[in-house]
1. Yes or no: residue 40 surrounded by 15 or more Cβ atoms within 10 Å (Cβ to Cβ), modelled with pLDDT of 95 or more and closer than 27 Å to residue 133 by Cα?
2. Report the residue count in the range 109-148 for those that are touching a residue at least 60 places away in the same chain (Cβ under 8 Å) and farther than 19 Å from residue 42 by Cβ.
3. Within the bounds of the range 68-75, is there any residue that is assigned to a helix (DSSP H, G or I), more than 15 Å from the chain's Cα centre (by Cα) and crowded, with 16+ Cβ neighbours inside 10 Å?
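The values are calculated or read from the model by the stated rules, or taken from the named source; none is laboratory data. Values in this document were obtained by computation on a predicted structure and should not be read as measured data. We place every Cβ from the backbone using ideal geometry, glycine too, and count neighbours over all the protein chains shown.
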């Protein structure tokens with residue numbers, strides 16, 4: 001009976017991955033875990049300014065000039081609707097403002113307001129110290145190598161992601 005059960009279990013299993021597939025899957029799992037840790041750290045860094053990681057990302061996206069919500073969403077790899085919700089909240093609180101877009105009648109341009117710039121600077125100051133501390137602990141060379149590998153993964157994955 002044990003032999004029969006073993007045969008049934010083998011039929012229900014997907015085919016084994018290659019060593020490269022296993023390595024990619026292990027990396028993807030770690031990147032997803034890292035994303036969660038970075039979001040939590042971002043929330044901690046943004047909290048004293050009354051913000052969250054999501055709000056910080058949108059503020060930073062318009063730091064150097066106005067952009068449409070769709071442009072921000074594309075740049076961040078997020079759904080337009082989620083960015084729209086955050087952008088609307090930021091505008092309601094006076095951290096950002098919407099301006100008419102000369103290139104599009106309906107898609108307004110989101111820009112940073114002085115209150116938003118002050119919040120962003122507060123977060124960036126905290127982030128600088130945090131990044132310097134972690135960077136020193138891990139090492140610039142190791143982080144650069146990791147960034148290069150992630151750039152390769154991004155370049156390989158982006159065209160397949162749709």
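1. No: the conditions fail for residue 40.
2. 0
3. Among the residues of the range 68-75, at least one is assigned to a helix (DSSP H, G or I), more than 15 Å from the chain's Cα centre (by Cα) and crowded, with 16+ Cβ neighbours inside 10 Å, which makes the answer yes.
For (1) at pLDDT 95 or above; (2) surrounded by 16 or more Cβ atoms within 10 Å (Cβ to Cβ); (3) not in a loop (DSSP other than H, G, I, E, B), each residue gets a yes or a no:
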residue	(1), (2), (3)
54	yes, yes, yes
57	yes, yes, yes
65	yes, no, no
86	yes, yes, yes
99	yes, no, yes
105	no, no, yes
123	yes, yes, yes
146	yes, no, yes
157	no, no, yes
